[in-house]
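S.K.: After the structure tokens below, expect a handful of questions from me.
The values are calculated or read from the model by the stated rules, or taken from the named source; none is laboratory data. From a predicted model like this one, the values you see are computed outputs, not experimental measurements. In this analysis, Cβ positions are derived from the backbone assuming ideal geometry, glycine residues included, and neighbour counts consider all displayed protein chains.
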Ligand code: SF4
């Protein structure tokens, strides 16, 4: 199957920017989860689509993009799910009435980045955090690669040990980032944000997901150990939910060939990094699905399975 990609919003494309950014009111907030995120009970997506538009993003293969109307390339649209915080408040109030709040492990977000630029205008992720302050779940994991999350450090800190910030840093080489995910924040900005989050007292996990070509094990590994409370390392083959089949449908293979980065399917460099980290920080280093779900399983005691996580 070839992934649908119907072109960018432009003067030649009759679809307007307004349509590509139009709000889509949320009919519900929490979605029950499974697969790769089996340790978590729910996901929460404040937006539909993601303007970071990463080449390797597996969401391109999911129905949320394949059946998106109007047809647009991945990365060209983002719809704020307006009213999501109000829906979340009702759903968490019901969970509290049933005595189930402590058993909830929520992943925000698996199919969008909750702190992409649209958040600056809509503040839906922030509104959800305000609701979580009133109804704290057993675990909230906020997954992002955006320095914009710093605006909400104080709101994350209010949740104490119930909240982890999971921050994506796939490589320490910014030229790799520019070649594969040019719209994403620079690596240096991300490292600064992580350091600031730790200084703020937040629990921070670094997601090396997917692990991209990096400098060398000791340089990157030492940086990660110094920065984060936990580190999860993942690859296209272990982490895309279909042993690399989803990634094979993207432009990743062509980019690797053009850059001379070798076989994109190889897990050797990622495994070397994981082994180096494990030798130094033990169980605070995680691999792929088990690594992502480890904290959640301590809340929900759900056994692991397979699909994928992004952002
Ligand atoms: S990988 Fe994450 S940040 Fe990149 S496009 Fe997909 S959802 Fe957005």
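S.K.: Among the residues that make up the stretch 66-77, is at least one of them within 16 Å of the ligand (Cβ to nearest atom), over 23 Å from residue 248 (Cβ atoms) and surrounded by 17 or more Cβ atoms within 10 Å (Cβ to Cβ)?
M.R.: yes
S.K.: Let me ask you something else. Surrounded by fewer than 21 Cβ atoms within 10 Å (Cβ to Cβ), within 16 Å of the ligand (Cβ to nearest atom) and either modelled with pLDDT of 95 or more or in a helix (DSSP H, G or I) (or both): which single residue out of 183, 198 fits that description?
M.R.: The conditions single out 183.
S.K.: Quick one: count up the residues across the stretch 58-71 that are in a loop (DSSP other than H, G, I, E, B) and within 18 Å of residue 33 (Cβ to Cβ).
M.R.: The qualifying residues number 1.
S.K.: State the number of residues belonging to the stretch 141-156 that are closer than 13 Å to residue 126 by Cα and in contact with a helix residue (DSSP H, G or I) (Cβ under 9 Å, 6 or more places away or on another chain).
M.R.: Counting residues in the stretch 141-156 that are closer than 13 Å to residue 126 by Cα and in contact with a helix residue (DSSP H, G or I) (Cβ under 9 Å, 6 or more places away or on another chain) gives 9.
S.K.: Any idea which of 256, 236 is under 29 Å from residue 117 (Cβ atoms), within 16 Å of the ligand (Cβ to nearest atom) and either surrounded by fewer than 21 Cβ atoms within 10 Å (Cβ to Cβ) or under 18 Å from the mean Cα position of the chain (by Cα) (or both)?
M.R.: Of 256, 236, the one residue that is under 29 Å from residue 117 (Cβ atoms), within 16 Å of the ligand (Cβ to nearest atom) and either surrounded by fewer than 21 Cβ atoms within 10 Å (Cβ to Cβ) or under 18 Å from the mean Cα position of the chain (by Cα) (or both) is 236.
S.K.: In the stretch 111-142, what count of residues is obtained for those that are over 14 Å from residue 86 (Cβ atoms) and within 16 Å of the ligand (Cβ to nearest atom)?
M.R.: Selection size over the stretch 111-142: 13.
S.K.: One residue is enough: does the stretch 227-246 have a residue meeting the conditions over 29 Å from residue 197 (Cα atoms), touching a helix residue (DSSP H, G or I) at 6+ places or on another chain (Cβ under 9 Å) and modelled with pLDDT of 95 or more?
M.R.: Within the stretch 227-246 (the criterion being over 29 Å from residue 197 (Cα atoms), touching a helix residue (DSSP H, G or I) at 6+ places or on another chain (Cβ under 9 Å) and modelled with pLDDT of 95 or more), the answer is no, since none of the residues qualifies.
S.K.: A further question on this structure: Quick test for you: out of 294, 270, 290, 283, pick the one residue that is at pLDDT 95 or above, surrounded by fewer than 24 Cβ atoms within 10 Å (Cβ to Cβ), part of a helix (DSSP H, G or I) and more than 16 Å from the ligand (Cβ to nearest atom).
M.R.: After applying the criteria, what remains is 283.
S.K.: Of everything in the stretch 154-172, what is in a helix (DSSP H, G or I) and either within 13 Å of the ligand (Cβ to nearest atom) or over 22 Å from residue 81 (Cα atoms) (or both)? Give them in sequence order.
M.R.: Result: 154, 157, 160, 161, 162.
S.K.: Listed residues 266, 288, 278, 293; which is more than 18 Å from the chain's Cα centre (by Cα) and under 27 Å from residue 140 (Cβ atoms)?
M.R.: Step by step, each of 266, 288, 278, 293 is checked, and only 278 is more than 18 Å from the chain's Cα centre (by Cα) and under 27 Å from residue 140 (Cβ atoms).
S.K.: Does the stretch 78-96 hold any residues that are within 14 Å of the ligand (Cβ to nearest atom) and either touching a helix residue (DSSP H, G or I) at 6+ places or on another chain (Cβ under 6 Å) or more than 22 Å from residue 182 (Cα to Cα) (or both), and which are they?
M.R.: The one that is within 14 Å of the ligand (Cβ to nearest atom) and either touching a helix residue (DSSP H, G or I) at 6+ places or on another chain (Cβ under 6 Å) or more than 22 Å from residue 182 (Cα to Cα) (or both): 78.
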